[in-house]
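Trainee: Have a look at this one.
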Amino acid sequence: MYEDLVKFFKMERDLVACTDIDGLMQIFTINHNPLDWRLFINSSKLSLKAVLLQNGKTLPSIPVGHSVHNKESYENMKILMEAINYDKLKGQICGDLKVIALLLGLQQGFTKYCCFFCEWDSRTRSLHYPRKEWAPRKFLEPGIMNEENQPLVELCKISLPSIHLKLDLTKNSLKAMNQETFPRVSETKLKKVIFICPQIRDLIKEEYFDKLLQGGEKVVWDSFKFVVKGFLRNRRAQNS
């Protein structure tokens, strides 16, 4: 089996990547339709990996790229996309916000225009919470609005994982709260959103906070509560 699979992979600059995804799928007797799969990329300071995930979740994930020495950077993302022949694959891509920013060529760090969806000004702190809508980005051109490099993928191919949206929205909600909500938490921990399980339980039980949310905010918060309650149940079961 090893001999059948290794011919579809090659090693380049400490990155092992699949160069023939269609052939790899045939080995597993899978009818490969790029519309049925999405490419998940995860990266850190020490590693980089890419996995194909089926949209229906009826088939197992298929690793197509891995490295334990390539850190998160635009150059390494470009090497990965070229190695797996993404121009031929043309599938949807998901990952955390930093990976997506790298794929779209955005400048890293605390920049003024760090959002790839809209022209959100990160330095206008007085407008972060009162202002609900920002002008959408119409183009991604290097040298304009913190666009540093040529995008490696099309913006329409980006899919953000729902759990990242839920957690990031919850994190911003917690940052906007005053310290009276958590009187025993220091201001530093409140700003950095550092909480433990009992404090999360208190927030979920807070009826006043629940009544303030409306529309989409209410839906996201209810979804987050469902996820957290499941996590707490599993943790109690493991400890018992």
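Trainee: Just give me the residues in the stretch 26-42 being over 15 Å from the mean Cα position of the chain (by Cα) and closer than 18 Å to residue 100 by Cβ, in sequence order.
Mentor: Scanning the stretch 26-42 gives a single hit, 37.
Trainee: Out of 62, 27, report the one residue that is touching a helix residue (DSSP H, G or I) at 6+ places or on another chain (Cβ under 8 Å), surrounded by fewer than 14 Cβ atoms within 10 Å (Cβ to Cβ) and either of a type in the set (Asp, Glu) or modelled with pLDDT of 85 or more (or both).
Mentor: 27
Trainee: Filter the stretch 30-59 down to the residues that are of a type in the set (Gly, Ala, Ser) and outside any strand (DSSP E or B), then identify the one that is surrounded by the fewest Cβ atoms within 10 Å (Cβ to Cβ).
Mentor: Per the stated criteria, the residue is 56.
Trainee: For the stretch 97-119, give me the residue count where each residue is surrounded by 17 or more Cβ atoms within 10 Å (Cβ to Cβ) and either hydrophobic (A, V, I, L, M, F, W, C) or under 25 Å from residue 18 (Cβ atoms) (or both).
Mentor: Qualifying residue count, the stretch 97-119: 11.
Trainee: Restrict the check to the stretch 79-94 and report whether at least one residue is part of a loop (DSSP other than H, G, I, E, B), surrounded by fewer than 20 Cβ atoms within 10 Å (Cβ to Cβ), in the same structural domain as residue 8 (by TED's automatic domain parsing) and of a type in the set (Asp, Glu).
Mentor: There is no residue in the stretch 79-94 that is part of a loop (DSSP other than H, G, I, E, B), surrounded by fewer than 20 Cβ atoms within 10 Å (Cβ to Cβ), in the same structural domain as residue 8 (by TED's automatic domain parsing) and of a type in the set (Asp, Glu).
Trainee: Look through 45, 57, 7, 71 and report the one residue that is more than 24 Å from the chain's Cα centre (by Cα), more than 18 Å from residue 89 (Cβ to Cβ) and not hydrophobic (A, V, I, L, M, F, W, C).
Mentor: 7
Trainee: Of all residues in the stretch 1-59, how many are small (Gly, Ala, Ser) and either in contact with a Phe, Trp or Tyr (Cβ under 9 Å, 6 or more places away or on another chain) or on the phi > 0 side of the Ramachandran plot (or both)?
Mentor: 3
The values are calculated or read from the model by the stated rules, or taken from the named source; none is laboratory data. What you see is a predicted model, and the numbers here were worked out from it, not measured in a lab. As a convention, Cβ positions derive from the backbone with ideal geometry for all residues, glycine included, and neighbour counts pool all protein chains shown.
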